[in-house]
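S.K.: If you scroll down you'll find the structure; I have some questions about it.
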2 protein chains.
Amino acid sequence: MRPAVLGFDADDTLWDSESHFDRTESLFVELLTPFAEPDEIRAQLLAYEQQRIAIYGFGIKGFTLSMIEVAVDLSNDEISAADIREIVRWGQSMLEHPVELVPGAESTVASLAADHRLLLITKGDLHHQRRKVSESGLAAHFEGIEVVAEKDPATYREVLERHSVRPSEFMMVGNSLRSDIAPVIAIGGRAIHVPYHLTWGHEQFDHDEANAITASPDHFSLSSIVEVPELLDRLESEPQQ
Amino acid sequence: MRPAVLGFDADDTLWDSESHFDRTESLFVELLTPFAEPDEIRAQLLAYEQQRIAIYGFGIKGFTLSMIEVAVDLSNDEISAADIREIVRWGQSMLEHPVELVPGAESTVASLAADHRLLLITKGDLHHQRRKVSESGLAAHFEGIEVVAEKDPATYREVLERHSVRPSEFMMVGNSLRSDIAPVIAIGGRAIHVPYHLTWGHEQFDHDEANAITASPDHFSLSSIVEVPELLDRLESEPQQ
């Protein structure tokens with residue numbers, strides 16, 4: 001059965017995001033090379049980021065503050081003020097970076113909007129996400145733009161209720177098993193996983209968690225967003241379960 | 001005429017916020033005393049905050065990053081890593097600070113919820129605002145919790161449309177002429193200004209702007225949130241205009 005309503009994740013589904021974090025992290029590792037080994041720097045940064053999610057939430061400002069804390073701590077208070085300024089600037093550059101749509105995002109969303117209700121459901125920093133949505137040129141295709149603080153089953157349930165959508169008629173498209181796929185299947189919806197070439201450590205599922213999700217009949221996997229319309233056509237021609 | 005729907009601002013209307021910024025700013029001024037005069041430090045911080053709103057949006061993380069930048073710049077790169085750590089910690093303490101309701105907020109909101117639809121409309125950091133709403137214990141009184149990136153006429157129009165509310169039946173309660181009062185009157189609603197004892201520089205209206213707003217028949221002013229029910233009773237007994 002074809003879903004009446006499609007949800008789209010944004011970062012790393014409609015436009016690039018993790019690659020900017022990845023690039024900045026490489027600069028950060030280089031900056032701290034005098035003080036620690038690359039592996040230690042990366043591990044410490046991920047640890048600080050995860051510990052700080054409870055107070056910072058998701059997004060570039062928290063990432064920047066975590067880099068600053070790691071720099072101070074791993075350098076034993078030796079990091080220079082000039083280096084701190086550099087880190088602050090990296091964060092600003094990331095926030096100002098133009099939106100780069102993934103290949104085919106625009107035409108796929110436009111064509112799907114013709115016969116589906118579309119929701120954009122994105123996690124993170126309200127101000128930055130709003131700016132990117134507006135810059136992407138895709139906003140008009142969506143019935144609702146939902147920037148949420150966390151992507152858990154309760155949040156999806158709330159968003160769907162707000163738009164009067166039953167989970168059984170909803171299908172989510174996104175790159176994160178943890179945020180876009182598992183919670184949607186948990187509330188009775190379906191989901192299409194379109195992996196991005198990079199995944200932030202915090203979003204990673206271990207082998208068993210991933211297997212449990214991918215075994216679900218409500219889970220689909222595609223290698224590109226441009227294949228979504230074809231999958232939906234196929235579902236339509238299948239007998240209703 | 002009594003409004004059917006009431007909007008409430010949150011920071012400095014239902015709970016304290018600016019006092020935490022103010023306290024941290026005093027610590028910051030003290031920290032930078034070796035490098036600059038207090039007035040220069042305060043002016044530079046406000047200037048950086050305002051210049052960075054376009055990329056950071058509103059909230060404590062952006063404030064913290066601005067303090068760090070000012071510290072590096074005003075100290076001519078002399079500020080120590082230990083002092084930078086201190087600034088990062090201040091930001092974390094602010095984010096973790098327990099919600100302190102303004103006197104009478106709880107009983108006033110509870111009593112108004114009995115015969116009005118209530119919306120909470122707050123600007124700023126999604127994650128932090130959600131945490132405060134949840135911790136405040138007030139969430140259940142509100143039909144909708146709207147965390148918005150900017151409080152301008154377009155945003156209020158959008159929020160009211162989403163809840164199927166006509167501006168003429170809506171009244172906003174808040175502490176900021178710029179964010180809570182002027183834009184609501186601009187779209188045809190009414191608004192009650194309940195000033196807080198502190199106002200962030202960015203929110204301040206100049207004399208002429210303030211006069212234009214306070215001259216409007218749709219503007220009301222009270223010294224405490226507990227006076228709102230009485231004002232609404234008075235409006236009800238007045239003939240419809």
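S.K.: Once each part is reduced to its C-alpha centroid, what is the distance from segment A:115-131 to segment B:166-203 in angstrom?
M.R.: Spelled out, the Cα-based centre of one part sits 27 Å from the other.
S.K.: Semi-axes of the equivalent ellipsoid of chain B: what are they in whole Å, largest first, if each equals the square root of 5 times a C-alpha gyration tensor eigenvalue?
M.R.: 36, 18, 15
S.K.: For A:SER221, which sequence-distant residues (separation of 5 or more, or a different chain) have an amide H within less than 5 Å of its own amide H, given hydrogens modelled in the peptide plane?
M.R.: A:HIS193
S.K.: Measuring from a point 7 Å out along Cα→Cβ, what nm distances, shortest first, does B:GLU30 have to its partners in the other copies?
M.R.: 4.1
S.K.: Under 5 Å between amide hydrogens, which residues at least 5 positions from B:VAL148 or on another chain qualify, with H placed 1.01 Å from N in the peptide plane?
M.R.: For B:VAL148, whose amide H was placed from the backbone, the distant partners under 5 Å are B:THR122, B:LYS123, B:GLY124.
S.K.: Across peptide A:87-93, what mean number of C-beta atoms from other chains lies inside 10 Å of a residue's C-beta?
M.R.: 3
S.K.: Only four residue types carry charge here, +1 at the Cβ of Lys and Arg and -1 at the Cβ of Asp and Glu. Report the dipole size of segment B:183-241 about the Cα centre in Debye, rounded to the nearest 20.
M.R.: Its charge dipole is roughly 60 debye.
S.K.: Using helices alone, what [θ] at 222 nm do you get for chain B, with -39,500 (n - 2.57) per DSSP H run of 4 or more residues, divided over all residues and rounded to the nearest 500?
M.R.: After summing the helix terms and dividing by the residues of chain B, the value is -15000 deg cm²/dmol.
S.K.: If the only charges are +1 at each Lys and Arg Cβ and -1 at each Asp and Glu Cβ, what is the size of the charge dipole of segment B:120-241 around the Cα centre, to the nearest 20 debye?
M.R.: 340 debye
S.K.: If you don't mind, there's one more thing I want to ask. By how many degrees, 0 to 90 and rounded to 10, does the Cα axis of helix A:153-162 deviate from the longest principal axis of chain A?
M.R.: 50 degrees
S.K.: Ok, one more. Under 5 Å between amide hydrogens, which residues at least 5 positions from B:PHE8 or on another chain qualify, with H placed 1.01 Å from N in the peptide plane?
M.R.: The list, which skips near neighbours in sequence, is B:LEU119, B:LEU120, B:ILE121, B:VAL173.
S.K.: Helix A:60-74 versus the longest principal axis of chain A: what angle, 0 to 90°, nearest 10, using Cα atoms?
M.R.: Once rounded, the angle reads 30 degrees.
S.K.: May I pose another question? So for chain B, averaging the separation of alpha carbon pairs under 8 Å that are six or more residues apart and normalising by length, what relative contact order in percent results?
M.R.: 26 percent
S.K.: To continue, here is another question. Which percent of Cα-Cα pairs in segment B:98-241 sits in each 10 Å bin, short to long?
M.R.: 10, 41, 40, 8, 0
S.K.: Per-residue counts of other Cβ atoms within 10 Å, averaged by peptide: what ranking do you get for A:144-155, A:91-102, highest first?
M.R.: With the highest mean Cβ count within 10 Å placed first, the list reads A:144-155, A:91-102.
S.K.: Follow-up question, since we're still on this one. If the label for B:GLY188 sits 7 angstrom from Cα along the Cα-to-Cβ line, what are its distances to the same label in every other copy, in nm to one decimal, shortest first?
M.R.: In ascending order, 3.9 nm.
S.K.: Further, regarding this structure: Report D for segment B:120-200 in µm² per second (integer): Stokes-Einstein, Kirkwood Rh on Cα pairs, 4 °C, 1.567 mPa s.
M.R.: The Stokes-Einstein estimate is 98 µm²/s.
S.K.: Here is a further query. Averaged over its residues, how many other protein chain Cβ atoms are within 10 Å of peptide A:207-220's Cβ atoms?
M.R.: Per residue, the average neighbour count from other chains is 0.
S.K.: Hey, what do the phi angles of segment B:100-112 turn into as Karplus ³J(HN,Hα) couplings, whole Hz, using 6.51/-1.76/1.60 and θ = phi - 60°, x for Gly and Pro?
M.R.: With the stated coefficients, segment B:100-112 comes to 10, 5, 6, x, x, 4, 5, 5, 5, 4, 4, 6, 5 Hz.
S.K.: How well do other chains shield peptide A:66-77, expressed as the mean number of their Cβ atoms within 10 Å of each residue Cβ?
M.R.: If you average over the peptide's residues, the count of other-chain Cβ atoms is 3.
S.K.: To one decimal in nm, how far is B:SER237 from the same spot in the other copies, if labels go 7 Å from Cα toward Cβ? Please give the shortest first.
M.R.: Result for B:SER237, in nm, nearest copy first: 7.4.
S.K.: Using only C-alpha positions, report the orientation-averaged shadow area of the convex hull of segment B:18-96, nm², one decimal.
M.R.: Averaging across all directions leaves 4.8 nm² for the Cα convex hull.
S.K.: Quick one: pull the percentage of alpha-carbon pairs in the protein assembly as shown with a separation above 31 Å.
M.R.: Considering the protein assembly as shown, 49 percent of its Cα-Cα pairs are separated by more than 31 Å.
Since every read-out is calculated from the coordinates, none of them should be taken as a lab result. Keep in mind the model is a prediction, meaning the values are calculated, not measured. Using ideal geometry, Cβ is built from the backbone for each residue, glycine included, and neighbour counts are taken over all protein chains shown.
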